[in-house]
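*Asks:* Would you mind keeping the following structure in view while I ask a few things?
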Amino acid sequence: MIRSLINRSLQGHLQALIQAGQLPDAAYPPMQCEAPKQPDHGDLAVPFALGAARIAGMNPRALAELLVERLRQDPLIASVEIAGPGFVNLRLSPTAYQQALNAVLNSAGQSVLRDAGHFGRPSCEKPERINVEFVSVNPNGPITIGSGRGAAYGSALCNVLQAAGHTVHREYYINDGVNSEQMRQFALSVRALKLGTEFPEKGYKGDYVQAVADQIEPQGDPDVIWWQQEAQALMLQRQRRDLETFGVAFDTWFSEQTLHDSGRVQACIDELEAKGIADRQPVRRSLKLGKKGVIEDVIVEDQPVDEDDAAGSEPTVWLRSTKLGDDKDRVLRRKDGRLTYIAGDVAYHDDKFNRPANADRLITVLGPDHHGFIGRLNAVVAAMQMSFLQQDQLEDTTKDQAQTGEFVFMNLPDLGSGGELEGLEASAQEQGHLFVDLDRFLIDTGLVKLVPERLAKLHNAIPVKKDGMTLWVAMENPKNREAIDQIQQASGCDVRPVIAHPTAIENAIRKTYTTDSEGEPLSEIDAKRYVSPAERDACQAAAKDAESKLLVQIYQLVRFMKDGQPAPMRKRDGNIYAISDLIEEIGAQAAPQADREEQVRIGRDVARFFYLMRHHDTTFDFDLDLAARQSDENPVFYVQYAHARIEQVLRRAREEAGSLYPDSNAVNGGLAATARDLHEREKQLLLQVCALPDEVALAAEDGAVNRLTNYAMELARAYHGFYDTCRVIDTDAPEVSQQRLALCVAARTALQGVLELLGVSAPLRMDRPAAPSE
RNA sequence: GCCCCGGUAGCUCAGUGGAUAGAGCAGCGGCCUUCUAAGCCGUUGGUCGGAGGUUCGAGUCCUCUCCGGGGCGCCA
């Protein structure tokens, strides 16, 4: 935040130098400052001259000289010097610190999650609606300490994305499909325990199964499905409660079975077949991958057609996911008619994109055992988003289109601005086609791509005539009634929505109005999985597009360590280690004297913080002994203690020196009134406080939530250092005292902010642990 | 066979292409009659697994390689 203040100023200086002709006008990298590694290098360092020297054709030090000359006049900067090969090191003026501090104080008492004006929220260049799915385990057991990592990571990721300015939807997918074998086994286990019938061979054991059985009261003799639904409902209840205790809440608990019940799954399979991306050919393709995912070969295996089955059953329906980059084709419907898990996934992802408040982007958080899912999920999204293929027809279209003269075009925002679009418009009009500019209709053009009638006809849509004209609208989301009505009203035409992949249509248009070749012919390997170059291009475009719409975040394994040894994931009594057990154990050991509620709070704080300490895509050892230790080594307490210390100081200030600290407004005003050179520790603390929005932005950018635990520790360190050196409450020096109180409030604001994002509490006080008796 | 992750101080790990690679713990030595010592300060400790390459500059990017951890091969 303080950096963006300076960065703005730096950019201004750069522009001024260019305008004054002191620097050649060229494409320089942005001039930005960074935190120097060594404190004696100043408050901030600007490495700009190093990178820009070559572009400007000057040596770095000479360029740095130019900068220094201007920077000396900047009121935010106290001193400047050139160091090393061409670094410009800055020391900030009291004014700069003051401005920064006041900006932070304005956020005191606010929530970084809910208050958009909070200083810790970076400015978001492109706010998106993001659906984040996480945890999503089968409802046949409690949330384990393994999935605990996904729960902690997913929930913190959501917080970070939200603070970064996005609209986040937290979602849990319930794998409650009635034809799931695992769930059937679970139901049978519960029934056996309840009725004393024979226990299934692959049954589920453990106290929690018994607990579920105890709660079920069967009337009459219900079937297995009934048992399954009862059992999973109860298990889900437990999961939900445990997750809540762990500080994890969802906006939507989405049931897989509802997709089957409503027929959506079957409808999606039909749609995929109509598109030509799924079929019933008795073959399966798989990709032979070499290093770096290069496709070395496509293996086509014939699938046996069993004569005996032929009578009553239908052929297997295959999703040709190899066309979309997955390493093998996937079964959507088995020949006995059962729908596969992936078939449900197709409908589920389709649903996520087609809700009233649909998502721009999906993030799915999965565990290490789901690593192989990335390719198939991407294929699933690509398949549903892509246009109807029917390869031979598509080829046809591109050849014949130019002669039909039956096009209606609408503005195609994806084609970009300027010449290219105007060129298309001109050539369309030359040939007597109508070009409709959506901007004139004031419609959200992001929803609408374009309308080539003949192409649309091939997409199985039915024409409607009005004044001899039909408007075919190719949309990414053809179920958006609101948008369709809007277009209908604005254009005065009948509107037919068509689902179509924008890139495929864009290519078709290009081919019609340019003399470009029809693309590279199929390579020998590609000929084994694609019918035509057009199909290849459409599939690859769809797969690439899917990659930008679905981000799969895989978190790596956690190893729990006890006494320096890996601890088993089961407890001694054979029960699964649940996240609730972990919370209770840590709480009980770390605070044996506290009441239960307090122990749960402590257990949750420690567990969450520990899970989040390492990058999610890295295996890490969860040190159970350290987690349960109530000492200086435990980083959670180190951070929380900093907050408790601040609270203590502020309490004391109110009690003992009320004149210094009548209310927070006075602290604010008192600070603005005075300017003095800050103590080195004060500067370090304030700089650290001001780094919060930068950290949030970086964490949101690549999902690296662990940055914030590091930040929290550094911030706490800065505060502890300040606290030990700088006396806050001092009635003999009221002005300094007030400034330091303000600094405390600022530090508290940042600490509360980062802890809120991590889902860890900020305690008002922490009593010293009793000294171990000798 | 392929994919993902890791290899940095004795241990656990930080380290957006930039200056002399940093913390914590462990070791050693200091600091409580002043806001909570769950704290602070000083100090010891390094061929960043190895080899090439990219460039003004590489722990960071690319290629190859060695050693660990995990995963995948119509089960969801």
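*Asks:* Could you list, in sequence order, the residues of segment A:175-206 that are among the aromatic types (Phe, Trp, Tyr) and in contact (Cβ under 8 Å) with a residue 60 or more places away in the chain?
*Replies:* Within segment A:175-206, A:Tyr204 is the sole residue that qualifies.
*Asks:* Still on this structure: What helices (runs of 4 or more DSSP H) lie completely within segment A:182-297 and have 1 or more residues being β-branched (Val, Ile, Thr) and closer than 30 Å to A:Met569 by Cβ?
*Replies:* Result: A:207-215, A:224-245.
*Asks:* Hey, A:Val300 hits all of (1) touching a Lys or Arg at 6+ places or on another chain (Cβ under 6 Å); (2) more than 16 Å from RNA strand B (Cβ to nearest atom) but one; which does it fall short on?
*Replies:* (2)
*Asks:* Considering each residue of segment A:256-265, count those that are closer than 19 Å to A:Leu319 by Cα and buried (at least 17 other Cβ atoms within 10 Å of the Cβ), and give that number.
*Replies:* 4
*Asks:* Condition first: closer than 18 Å to A:Ala156 by Cα and surrounded by fewer than 22 Cβ atoms within 10 Å (Cβ to Cβ). Now tell me which residues in segment A:77-117 satisfy that.
*Replies:* Matches in segment A:77-117: A:Ser111, A:Leu113, A:Arg114, A:Asp115, A:Ala116.
*Asks:* Report whether or not A:Glu682 is part of a helix (DSSP H, G or I) and more than 17 Å from A:Gly120 (Cβ to Cβ).
*Replies:* yes
*Asks:* Is it true that A:Ala62 is modelled with pLDDT under 85 and crowded, with 18+ Cβ neighbours inside 10 Å?
*Replies:* no
*Asks:* When you scan segment A:230-250, how many residues do you find that are more than 26 Å from A:Thr167 (Cα to Cα), surrounded by 14 or more Cβ atoms within 10 Å (Cβ to Cβ) and of a type outside the set (A, V, I, L, M, F, W, C)?
*Replies:* Counting residues in segment A:230-250 that are more than 26 Å from A:Thr167 (Cα to Cα), surrounded by 14 or more Cβ atoms within 10 Å (Cβ to Cβ) and of a type outside the set (A, V, I, L, M, F, W, C) gives 3.
*Asks:* Another one. Looking only at segment A:243-263, count how many residues are free of Cβ contacts under 8 Å to residues at least 40 places away in the same chain and either over 26 Å from A:Ile583 (Cβ atoms) or in contact with a strand residue (DSSP E or B) (Cβ under 7 Å, 6 or more places away or on another chain) (or both).
*Replies:* Residues that pass the stated criteria total 4.
*Asks:* Now, a different point. Under 8 Å between Cβ atoms, which residue pairs at least 6 apart in sequence (or on different chains) link something in segment A:360-374 that is closer than 16 Å to A:Ile143 by Cβ with a partner that is more than 14 Å from RNA strand B (Cβ to nearest atom)?
*Replies:* A:Val365/A:Val132; A:Val365/A:Glu133; A:Val365/A:Phe134; A:Val365/A:Val135; A:Val365/A:Gly154; A:Val365/A:Leu157
*Asks:* A:Arg748 is checked against (1) within 12 Å of RNA strand B (Cβ to nearest atom); (2) part of a helix (DSSP H, G or I); (3) in contact (Cβ under 8 Å) with a residue 40 or more places away in the chain; (4) charged (D, E, K, R) and fails just one. What number does that condition carry?
*Replies:* A:Arg748 satisfies every listed condition except (1).
*Asks:* Examine segment A:155-172 for a residue that is over 20 Å from the mean Cα position of the chain (by Cα), on the phi < 0 side of the Ramachandran plot and in contact (Cβ under 8 Å) with a residue 60 or more places away in the chain, and state whether such a residue exists.
*Replies:* No, segment A:155-172 contains no residue that is over 20 Å from the mean Cα position of the chain (by Cα), on the phi < 0 side of the Ramachandran plot and in contact (Cβ under 8 Å) with a residue 60 or more places away in the chain.
*Asks:* Additional query: Of the conditions (1) surrounded by fewer than 16 Cβ atoms within 10 Å (Cβ to Cβ); (2) at negative phi; (3) over 34 Å from the mean Cα position of the chain (by Cα); (4) not basic (Lys, Arg), A:Trp253 clears all except one; give me its number.
*Replies:* (3)
*Asks:* Being of a type outside the set (Ser, Thr, Tyr), modelled with pLDDT of 85 or more and near RNA strand B (Cβ under 10 Å from one of its atoms) is the filter here; which residues of segment A:303-331 pass it?
*Replies:* Within segment A:303-331, A:Trp318, A:Asp327, A:Lys328, A:Asp329, A:Arg330, A:Val331 qualify.
The values are calculated or read from the model by the stated rules, or taken from the named source; none is laboratory data. Treat the numbers as computed from the prediction; the structure is a model and nothing was measured. All Cβ positions, even for glycine, are placed from backbone atoms using ideal geometry, and neighbour counts span all protein chains on display.
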